[in-house]
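The next block holds one structure in the form of structure tokens; read it before the comments.
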Amino acid sequence: MKFYFKILKNYLKKPINPKRVALLLERKSFEVEELTKDFIKVDILPNRFGDSANFFGFAKELNSLLGLGLKKLDLSFSQSLKEKPLVKMRVKDFYTLRIVKDIKNGESPEWLKRIIELYDYKPINFLVDLANFIMLELGTPVHIFDLDKIKPPIQVRFAKKGEKFIGLNSKEFSLEDSDLVIADSLGPIALAGILGSERAKVDLATKNIAIEIASFNPQFIYKTQRRLKLFTEAGFRFERTVPISRVMLASQRICHFLDGKIGQLFVSKKPKEQTFPIILTLKSVKDLGLEISEKKIEKILKSLYFDFEKEKDYYLVRKDPDRIDINSPEDVLDEIVRFYGYENVRETLPKTNLKISHSRIYSFSDLLRNILTSLGFDEVINYSLVGKQEIDFLKNEGFVFQEIEILNPPRPEFSFVRPFLFLGLMKAAALNLGFLENVNIFEIGKVYSFLKGKVKEENKIAILSASRKRQSFRKQEFLSFKGKLETFLHKISPEIKVEKDIRISNLNIGFLKAYKDVFNIPGDVFIAEISIDKLMKIQREILFKEIPKYPAILRDISFYMLEPFSYEKIKEIIFLKSPLIEDIEILDAYEKDNLLSYTLRIIFRSKERTLKEEEVDKILEEIKKELSKLPLRLRS
Amino acid sequence: MNWLEEITNLRNYVLERLGKVQDRKELDELKLEIFKRKGKLSELKKFFDILKDEEKKNFGLKFNELKNELERIFKEKERQTTSREEKFLDVIFSFPSKKFYLGSQHIISLEQKRIIEIFAKLGFSAIDSPEVVSEKDNFDYLNIPSYHPARDLWNTIWIKKKGLLLRTHTSAYQVPYLKNNFPPFRVIFIGKVFRFEATDRRHEIQFNQIEGLSVVKRPEGNLGELKGVLKEFFEMFFERKVKIRLRPSYFPFVEPGLEVDISCFCKNGCEFCSFTKYIEIAGAGMVHPDVLKRGKIDTLTFQGYAFGCGLERLLMIKYNIPDIRYFLSGDLRFIKNFS
């Protein structure tokens, strides 16, 4: 809110030094957004809006900071009318209403016009302008009804569902039973705290009026403004709570500016307020790390218009009732520390040593990152949100999951929380293939879906390889991708098997897939997605393994695959032939005349003795015999 | 023929030929001619079969003499002439190498790791936290009930199922963590947060936050420690001296609530700090007792402080990155920038 120095000086005894004011405000009260020779613009946050976002309250804050002396508001007026309006309160909100008769409405005096014009209000007539002025001066929205246009009694109640209301802007609203209204016997004459009605508005012919000043429940106003998408300055203030103390002040102050016969004030029952004092212990001040004398504490409390009594080692503090944000000892401490000055708080470092214990995901992810970057993969981070296109793709591809949908997507492509990680990699691949020949990337992150109605979270890693080359299935590249994947996973556990499913014994931990022409990626794209949560569980313990004492005997066999056949199956058959087979390695794999050719090296070793060539050759013969039952052609 | 004559002839022959040798290739050819099996030198061995014992001995001596001399001469000559291969070996050091590709980690991961290390030095453990959270954890338990104007400070991305949302700040994990752990503790939560936002150079719908939470026995863990920890962190992170300025602010889950500024890199004010010489960098405060109580913490014994700041913002300042949207662009040219 902007505050003009020429207005502020009406409320302060001593002259204002703008630069000093700005400096102190910035340090102790509000963020200063702009300072000119005429005004200072500050950002007042919701907790201080009720007391400070008005001339009087802001002057109070300046007085607390700088001791400029607060002028007394002129509240003088003479009450010449006995009449007190009858208001039926159906809610517990704080409400006042006063009748004033025989007034003359007209154009506002120059001083009033000037002030409200500074705040971008168009002068309309004296009564409307005065209501706006009181709001700016004290922070209390004021509503004035033309008494002759309404049919008493007045009620403050919730609207009936479907009830119609025509606002000052001539727009019609259909109300809900959560909307608070002021009504007469004919229906709503105001949407409480937000907007007046066309029917009861004051005009130049107005003679008799009813002045409403209230403190409506912020929740009601919040709800109605958002439901109707109708936001007014009054509504904004009520959402941030209008102090009851100010309502009382404003109901007197406005009369000061009115001629005519002023009636008695109707005041609804005051809601229960915190009347007992706040206990501020000296220990709590010390615990905060402040080195501050009692004298200084008392000076600060006084400057804040707080009353207090000193007991043995604590104060009984009664706050300034305008300060709706002060309700607990911590709130008082906040006041003390900001006036004491944050710059005076001495920096210290933690003294007690606590055991450092990070979540394991951090070091584990770091290990994965190190392995994958060494294998030539770059890390990307993508949005955790995906669009309908991606979800449909997954469903078409047979993925089973229950997606989490966003209620208010910021953009259509952000309509779901990602249930799988590789979708983002697809997008990134398509982008990077625009300027790179090959893209090898990975991402580590969380994915979400519903499982039995509950949110299921999983830490995952997805890896992708794509190339701009357009050709039939890139077998060699695929196998090299798979090879890197295995190298990577075997660092975690050599027991992990990589096929379409990636698993360890019977536990499925991920998948490997090859797609063609998806998500604007030309040609083949290979992806793998693996659960980090599961990987972490199976990470092998590192134990010392005996270094082999006896030499190994190696035998190579080569064959053509006549029909596509699972390599794992071949391995399994070979291993079954003898417990002396330590390992099987692929020495060579190539393709000729559309046939895949493999050369395998079988490693024989015994833990107890040196093997003999003859016994190994015998096993090899048996293996060859077994393999010849498969659609393979052995090569010599 | 006399064996001595033949030895002399061979010697002369070799010396004559060597004199004409131009390069290593010719030298190698000559060497082969002389030394190969059935070459000129071994031809002389025929005398071992022909000669009588006594002469055989003399011949043997002379033969070995010649062989040693020729070997020496060839070695010497080889030293003088370099082969193609050797020439190649010499220049290969200047040839372009075969390239290997080393991948890069995302700058967010690299810096996240560094930040975790820095905070570990200050006694904070890094704790993993969820991104899809309940409205209660994100708002209600932090003194931001529904219909509270403070909710407007966080533009929320809601999930269709009632009561769920994408966390708008890492503070959403404060109460769940407090509930499940016994103080004293000092922890950081670091991770993704989400805002319903129109994106531009400074705004993204998704970014990362670092949140610190300390709950220890009074009078430790106070405002002074908060200030000291922040200063220490920012100095280690930016690798320079930093001045900390705290300003009053309002976050319903801390009291007092603070805005944290650090001194700018510039000397006399720059556009980055809007010529104020300070940069707004974090929010902080003493944990509100309501929040501690919801976490079943005894507020008479313990007190807490918390702080939070945007990771991308820190990096934009540190590396002079002009646009926050680079981080999630997936553009490898951006990612490779930092390795």
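Here are a few things to note about the model shown:
- Computed from Cα atoms, the angle from the helix A:329-340 axis to the main principal axis of chain A rounds to 80 degrees.
- Prolate/oblate/rounded call for region B:107-338, Cα gyration tensor, a/c under 1.5 rounded: oblate
- Rounded to the nearest 10 degrees, the angle from helix A:360-374 to the longest Cα principal axis of chain A is 50 degrees.
- Between 0 and 90°, nearest 10: helix A:567-577 axis offset from chain A longest Cα axis: 50 degrees
- Violating pairs (Cα-Cα greater than 28 angstrom) within the set A:LYS2/A:LYS88; A:LYS2/A:LYS71; A:LYS84/A:LYS171: A:LYS2/A:LYS88; A:LYS84/A:LYS171
- Checked against a 24 Å cut-off, the cross-linked pairs A:LYS460/B:LYS231; A:LYS452/A:LYS482; A:LYS516/B:LYS161; B:LYS40/B:LYS62; B:LYS231/B:LYS318; A:LYS460/A:LYS537 give Cα-Cα distances beyond that limit for A:LYS460/B:LYS231; A:LYS452/A:LYS482; A:LYS516/B:LYS161.
- Distances between placed amide hydrogens fall under 5 Å for A:PHE377 paired with B:GLY103, all partners being 5 or more residues away or on another chain.
- Lacking any other cysteine beta-carbon closer than 4.7 Å, the following Cys residues of chain B have no compatible partner: B:CYS309.
- Screening chain B for whole DSSP H helices of 18 Å or more along their axis (Cα) with average Kyte-Doolittle hydropathy at least 0.0 returns B:107-121, B:223-238.
- Here the Karplus relation 6.51 cos²θ - 1.76 cosθ + 1.60, evaluated at θ = phi - 60°, turns the backbone of region B:197-203 into coupling constants of 8, 7, 7, 8, 4, 10, 10 Hz, with x for every Gly and Pro.
- The phi-based Karplus calculation (6.51 cos²θ - 1.76 cosθ + 1.60; θ = phi - 60°) puts the 3J(HN,Hα) values of region A:405-412 at 9, 8, 6, 10, x, x, 8, x Hz, whole numbers, x for Gly and Pro.
- Computed magnitude of the charge dipole of the protein assembly as shown (debye, nearest 20; Cβ of K, R +1, Cβ of D, E -1): 1360 debye
- Stokes-Einstein translational diffusion, region A:278-344 - Kirkwood Rh over all Cα pairs, 0.692 mPa s, 37 °C, in µm²/s: 277 µm²/s
- Here's the picture: charge each Lys and Arg Cβ at +1 and each Asp and Glu Cβ at -1 in region A:87-267, and of A:THR241, A:SER251, A:ILE115 the one pushed furthest to the positive end of that dipole is A:THR241.
- By average C-beta atoms within 10 angstrom, highest first, the peptides A:563-570, B:193-200: B:193-200, A:563-570
- Percentage relative contact order, chain A, counting C-alpha pairs under 8 Å, at least six apart: 9 percent
- The listed peptides A:44-54, A:372-382, A:89-99, ordered by packing as a protection proxy, come out as A:44-54, A:372-382, A:89-99 (highest mean of other Cβ atoms within 10 Å first).
- Spatially close Lys pairs in region A:281-356, defined by Cα atoms under 15 Å apart and a spacing of eight or more places or different chains, total 12.
- Evaluated with a Cβ-only charge set (Lys, Arg +1; Asp, Glu -1), chain B carries a dipole of roughly 140 debye about its Cα centre, given to the nearest 20.
- Residue by residue along A:440-451, Cβ atoms of other protein chains within 10 Å of the local Cβ number 3 on average.
- Alpha-carbon centroids, region A:189-253 and region A:559-601: separation in whole Å: 84 Å
- Partner lysines for B:LYS25 [C-alpha distance under 17 Å; skip if fewer than 8 residues away on the same chain]: B:LYS36, B:LYS75, B:LYS77, B:LYS87
- Note on A:376-388: average number of Cβ atoms from other chains within 10 Å of each residue's Cβ is 6.
- Residue (of A:SER359, A:LEU333, A:PHE306) at the positive-pole extreme of region A:295-375, dipole from beta-carbon charges: A:SER359
- The packing ranking of peptides B:273-279, A:629-635, A:426-432, A:337-343, highest mean first, is A:426-432, A:337-343, B:273-279, A:629-635, where packing means the average number of other beta carbon atoms within 10 angstrom of each residue.
- Counting only residues at least eight positions apart within a chain, or on another chain, the aspartates and glutamates with an alpha carbon under 16 Å from that of A:LYS388 are A:GLU397, A:GLU403, A:GLU405, A:GLU413.
- Under the Karplus curve 6.51 cos²θ - 1.76 cosθ + 1.60, θ = phi - 60°, whole-Hz ³J(HN,Hα) for region A:52-65, x wherever Gly or Pro sits: 10, 7, 6, 4, 5, x, 5, 5, 4, 5, 5, 5, 4, 6
- 10 Å Cβ neighbours from other chains, averaged over peptide A:143-156: 0
- Residues of type aspartates and glutamates that B:LYS267 reaches as a straight line, Cα spacing below 19 Å, ignoring anything fewer than 8 places off in the same chain: B:GLU235, B:GLU239, B:GLU280
- Among A:GLY376, A:SER465, A:PHE56 the positive-end extreme of the charge dipole of chain A (Cβ point charges): A:PHE56
- If you run the Gaussian network model on chain B, springs between alpha carbon atoms under 10 Å, then out of B:ILE205, B:ILE92, B:ILE144 the most flexible one is B:ILE92.
- Checking the cross-link pairs A:LYS19/B:LYS227; A:LYS149/A:LYS201; B:LYS136/B:LYS160 against a 18 Å limit on the alpha carbon distance flags A:LYS19/B:LYS227 as lying beyond it.
Any read-out appearing in this document is the output of simple, stated calculations on the displayed coordinates, not a laboratory observation. Note that this is a predicted model, so its numbers are computed, not measured. Every residue, glycine as well, gets a Cβ built from its backbone with ideal geometry; the counts of neighbours run over all protein chains shown.
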